[in-house]
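Heads up, the thing below is written out as structure tokens.
Values in this text are rule-based calculations from the coordinates and carry no lab data. Treat the numbers as computed from the prediction; the structure is a model and nothing was measured. Don't worry about glycine lacking a Cβ; one is built from the backbone with ideal geometry, like all the others, and counts go over all protein chains shown.
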């Protein structure tokens, strides 16, 4: 290479001090998922095009692969990069059904790719974390509660602005619309879904003109959509609207169970909310639906989502229902990092820089470093025997908190270069305070409103495509959620 | 999806019980790299084609990306998937040079892609782990010793057949060839590199015909190549050949330093060997060169490699020399797994299955599970309230070692289903023995010779391309090393 390369738009990369944060986020998620019995898998980055193309409008965002050495006409390989983790997971389940035990709880933390127009929070390459529970033939409802609780627990441990898990239930709203006598509940759902873009009176007009509702019926639908509670209080509010339907009863009970199931996780850093306007990809979700928002960063739209789908996959003999949630790691972290709101205090994992009095002492310094490592203390030896002042600045520039010195008498001292305190220490036994063992996340003003100016919120989204009847299909109205299940 | 999908050749995927092993390998590598102060980074999967195409013959293996929605002629995006981690790392260093501190120690554990013919140990998608130290302008030699030791330490902790790190030094052999009066040392190197494919007398003939050596000179070269020692004993053996050259002296000292520097890591699971026949990509390596072999699986060729390169990258103003080693994770693990030699004893991370007496008891069982998780014990609650015998078999099929029962009196008992032992226990305090906390790696007969029949070793390799003067360029004679630096 002979000139300075420039970043590729839509392909964010992190500096080492930022990557620590991402890695810690991934470790925290993984740890929580595993505590709940979710097994980690990875799927290959590529899927056959025919699988990827079944996803409606997302197809045009697929990156197709071609081997350079293929024939001169540039024939495609028939493969493309996956644009989510659900299509590959469904394929993996079918391919390995005979070797998996059901219920199959899996987590998957991987990159995905979409060739869409890059903007803040929407990247062409992004990392996401998915959990799903999949069963053969029938999946008991309690797994809806479980995935909500597991993801809530995992997310509430992250160094992010407060997150909000919004939950709704398709049975609830479909039952309600049926209960008021709507002939085409799906049409109502599609129109109600526009509430975050259109004023209520325009939505009401559409409900009358396009879904054939009366003015009173339209009003009832809008009233339902205004209901939002952080506990199961929504049940009484829905009941007060006076609509009766068996499916509504089931939906109310399910949504209440999910909201109550997450009660223990609720905090000022993590909100759980029954949100009856949430419509999210309801053409394939069949019950619970989720979306995740980052408080103060709502312009990013959802940073995660998911739901229950009664046919994640089917091989003709068996059907595999599932329920899952996806969290957009890049989608949430990268905007914070690019605004300078999130990083860590070190550029290296080292806790200690072992100083080097002269090049001849390198073996001795190496031995000290190895003794420290044996106790789990990450460290490095100075690259060259500069003056100690320069070695201390070397540590400072990297955020390494301690410098280790060996005196002429063979005595050891360790200096905390933040406080300047220097004490005698034994490399065989010394360890730093627990909080110095790893780089620390530095989160700045992350709960405040982001400044205007460097944001590109609310970019164009497309209309839902017809026939988009699979879970997590590519494009529905809420396309902005590009790092998650839809 | 409506039919059972079949695996894609060259894109290996793991079952959950296998993925545990891969994840543990990655964790072990990462832990060791970080203890030595190496910072983890990830680079995007794609690079501009002009960067990828500078790599000689590998170019034809590059997967080019095209957006499906691009114009009808299928114009390429100008990007391709990276085929190693060195090209992207060199680009990352240049792009971020102003934001990095040098020496920059980095590790990178990621997938790469090559569209070559799949065979055992050579995949189209594969994961590899790279460490490199990069400096601005000049990189002291002690980093050669450091990367060897760090990788040796990391690899010696893996649940693999014994590994052998072979080391040589380009200065040593070039100095030797110059010392005997060879007019074109590079030609000698290229021919000596054929020793693993051709008998010694044919190589000698080539040295005479193509490198212009006398019979005596050719003999000396062959004698040098036979030298291989597990300590610095090679120095005396080379000296005994009576050749003198300044470059030879430097090379001998450097190789001895690397071999001695790895002495502490040497064990019956990890061998370090000065191997003077090793020629590995010597057109761009400038000093130390490495290759890694898996004992008993030499037919896979090397499962890793690397070396010192005096110009990893250059932006016209500055040059960035580096030294690094790459280890092929897929390349070493997948052949063992596909032969059934390596797996783990669980399909789930759960240590405990909390039994469910009846569906009404689910909240109580959930509470027990949460108490266990609070102590770091991964667990899951039974999916349904089957008879306890069935719940135990449910645990057995997953490899979960313990089942937790609650008596009608509210008392708790935990059963080790391997021994049948059942004891009273308190969910607030119980923890399993340390070795049960995580799935255990099960390694079967991995040190025995693999059976013939399902191997495809020694597939065709191509001649080195001319002008291949960059580190880790694509194809040189030892192309079989497809998961590593070359």
Other copies of residue B:367: label-to-label distances in nm, shortest first, labels 7 Å along the beta-carbon direction: 5.9
Report for chain A the percent antiparallel among DSSP-assigned beta bridges with both residues inside it, nearest 5. 80
Arrange the peptides A:7-13, A:347-353, A:140-146, A:331-337 so that the one whose residues have, on average, the most other Cβ atoms within 10 Å appears first. A:347-353, A:331-337, A:140-146, A:7-13
Separation of the residue A:3 and residue B:253 label points, Cα + 7 Å toward Cβ, nm: 4.2
Once you put a point 7 Å from the Cα of residue B:358 and another 7 Å from the Cα of residue B:416, both along the Cβ direction, what distance in nm separates them? 3.3
In nm, one decimal, shortest first: how far is the label point of residue A:98 (7 Å from Cα along Cα to beta carbon) from the matching points in the other copies? 5.9
Cα-based helix-to-principal-axis angle, A:215-226 vs chain A, degrees rounded to 10: 20
What does DSSP give for the stretch A:352-438 in terms of the percent of beta bridges that are antiparallel, rounded to the nearest 5? 55
Within 10 Å of each Cβ in B:141-149, the average number of Cβ atoms from other chains: 2
Here, residue B:268 and residue B:240, labelled 7 Å along Cα→Cβ, have an inter-label distance in nm of 2.8
Specify the angular offset, from 0 to 90 degrees and rounded to the nearest 10, of the alpha carbon long axis of helix B:329-338 from the longest principal axis of the alpha carbons in chain B. 60
Round to the nearest 0.05 the FRET efficiency obtained for residue A:397 and residue A:219 when R0 = 60 Å and r is the Cβ-Cβ distance. 0.40
Rel. contact order, % - alpha carbon contacts under 8 angstrom, at least six apart, chain B: 19
Hey, quick one: spin label on residue B:443, modelled 7 Å out along Cα-Cβ, who in the stretch B:261-277 has an amide N within reach, i.e. under 13 Å? B:267-271
Measure out, as a whole number of angstrom, how far apart the alpha-carbon centroids of the stretch A:1-55 and the stretch B:198-269 sit. 44
In nm to one decimal, list the spacings between the residue A:209 label point and its equivalents in the other copies, with label points set 7 Å along Cα to Cβ, shortest first. 8.6
Counting other chain Cβ atoms within 10 Å of each Cβ in B:40-53 and taking the mean gives 4
Does a label point 7 Å from the Cα of residue A:299, set along Cα-to-beta-carbon, have any residues of the stretch A:314-358 with amide nitrogen under 18 Å, and which are they? A:331-342
Residue by residue through B:80-92, how many Cβ atoms from other chains fall within 10 Å of the Cβ on average? 2
Only helices counted: for chain B, with every DSSP H run of 4 or more residues adding -39500 (n - 2.57) and the sum spread over all residues, [θ] at 222 nm is -9000 deg cm²/dmol
For the Cα atoms of chain B, what angle does the longest principal axis make with the long axis of helix B:170-179, in degrees from 0 to 90, nearest 10? 20
Zone of residue B:137's modelled label, taken as backbone nitrogen in the stretch B:75-110 under 14 Å from a point 7 Å along Cα→Cβ: B:102-103
